[in-house]
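A short reminder: the numbers here are calculations on the coordinates, not readings from a lab. Everything quoted here is computed from the prediction, not taken from an experiment. Neighbour counts run over all protein chains shown; Cβ positions are idealised from the backbone, glycine included.
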Amino acid sequence: MDIEDFNRRWLEQWTAKSVEGVLSFYHEDIEYYDEGVPAGLKGKEALRAYLAGLFAAVPAWDYAPEWVQAIDGGFIGRWYMDFGTGAEAIRMRGFDHCRLQDGLIVFNEVYTHKFAPAAAG
């Protein structure tokens, strides 16, 4: 598997806020964690409901991969995400830890921090 291509295409679906597009990269038994669900979600249906609400609640955003590295059983990757405009603009740097099963993400833990877009580097 070309991890860089997989990661790029996956982040494109996040940018598009496509629930089904994002879900196409996840295994049915996905275990997912981010700051919005620190206790985690289990299963594709739970993730579907979470993504639908999340995508409806946030303005347009843009994800850009920075780097990705294969690890035993999966990959880790860092990205930038920009959303909002003017004084409301936010830049976020994130880091995904993903384990793969059958070519799909079965475990995804997301770590993020926010900073002003001008401070990015």
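Assorted remarks:
- Summed side-chain charge close to residue 40 - residues other than residue 40 whose Cβ falls under 12 Å, Lys, Arg +1, Asp, Glu -1: -3
- Computed over the chain with a Gaussian network model linking Cα atoms closer than 10 Å, the most mobile of 14, 67, 79 is 67.
- Multiplying the residue separation of residue 12 and residue 50 by 0.36 nm and removing their Cα-Cα distance gives an extension gain of 11.8 nm.
- Under the simplified labelling scheme, the residue 87-residue 110 pair shows an inter-label distance of 2.7 nm, with each label point 7 Å from Cα along Cα→Cβ.
- Under the criterion of Cα pairs below 8 Å and six or more residues apart, the relative contact order for the chain equals 24 percent.
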